[in-house]
1. Using beta carbons and a limit of 8 Å, which pairs, at least six apart or on different chains, have the first residue in segment 115-139 and of a type in the set (Lys, Arg) and the second one open to solvent by 70 Å² or more (accessible area, probe 1.4 Å)?
2. Would you call Leu119 open to solvent by 80 Å² or more (accessible area, probe 1.4 Å), under 22 Å from Ile45 (Cβ atoms) and assigned to a strand (DSSP E or B)?
3. Take the conditions in contact with a His (Cβ under 8 Å, 6 or more places away or on another chain), in a strand (DSSP E or B) and within 27 Å of Ala126 (Cα to Cα) and apply them to Ala71. Does it pass?
4. What are the residues in segment 42-52 that are among the hydrophobic types (A, V, I, L, M, F, W, C) and surrounded by 16 or more Cβ atoms within 10 Å (Cβ to Cβ), if any?
5. Out of Gly145, Gly83, Gly153, which single residue is within 18 Å of Asp48 (Cα to Cα), small (Gly, Ala, Ser) and modelled with pLDDT under 95?
6. Here's a check for you: in segment 56-115, which residue that is in contact with a Ser or Thr (Cβ under 8 Å, 6 or more places away or on another chain) and aliphatic (A, V, I, L, M) is surrounded by the most Cβ atoms within 10 Å (Cβ to Cβ)?
Amino acid sequence: MKRYAVLFVVALCLFFANNGNAQDYNSAIGLRLGYPLSLTYKTFISDDSAIEVFGGLRGYSSYSWVNVGGAYQVHKPIEGVDGLNWYFGGGASVFFWTYKNSFTGDGSASTTFGILGNLGLDYKFADSPINLSADWMPIFFIGNGFGSGFGGGYGALAVRYTLN
């Protein structure tokens, strides 16, 4: 068993030691068209590591929320397709919820924090300043109130303008 653990650690180190340039732009700004609808800004802090910050809102007839958050992402190139990378990472978010009972008119508000994962694809068009990404962002909500527990239905298609 110990031998497998050492082999796993060595394989993991080799995986992360990939020094290839995984990105074709420095930073980008745009929209995350998903759950929730958000503004996004992404900037690379090294050849294969990026920080994405976002702020969004979602509203329904009886409840709504505003959130802000950020994620650290590690980008890896997909061989054979220029400009296409896959990425993974994690981060945190804060959600400000409001709830209004449509029958009684009573309302309440709560705040929850989220620990999130991030897994997706990122593509930069070669002759255009447009970047697209599609991701899944599962969140574990921490706090009392409307948003608590695990949420696996978060993610988006992001459309960004690159700022090289």
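1. Final answer for the pair search is Lys124/Asp24.
2. yes
3. On the way: in contact with a His (Cβ under 8 Å, 6 or more places away or on another chain): no; in a strand (DSSP E or B): yes; within 27 Å of Ala126 (Cα to Cα): yes.
So Ala71 does not fit the description; no.
4. First pass over segment 42-52, keeping only residues among the hydrophobic types (A, V, I, L, M, F, W, C): 44-45, 50-51.
Answer for segment 42-52, where residues must be among the hydrophobic types (A, V, I, L, M, F, W, C) and surrounded by 16 or more Cβ atoms within 10 Å (Cβ to Cβ): Phe44, Ala50, Ile51.
5. On the way: Gly145 fails: within 18 Å of Asp48 (Cα to Cα); Gly153 fails: within 18 Å of Asp48 (Cα to Cα).
After ruling out the rest, the residue left standing is Gly83.
6. Val74
The values are calculated or read from the model by the stated rules, or taken from the named source; none is laboratory data. Not measured: the values here are computed from a predicted model. Every residue, glycine among them, receives a Cβ derived from its backbone with ideal geometry; neighbour counts consider all protein chains shown. The protein model used for the area step is the full one, side chains on, heavy atoms only, and it has no ligands, DNA or RNA in it. Shrake-Rupley method; radii C 1.70, N 1.55, O 1.52, S 1.80 Å.
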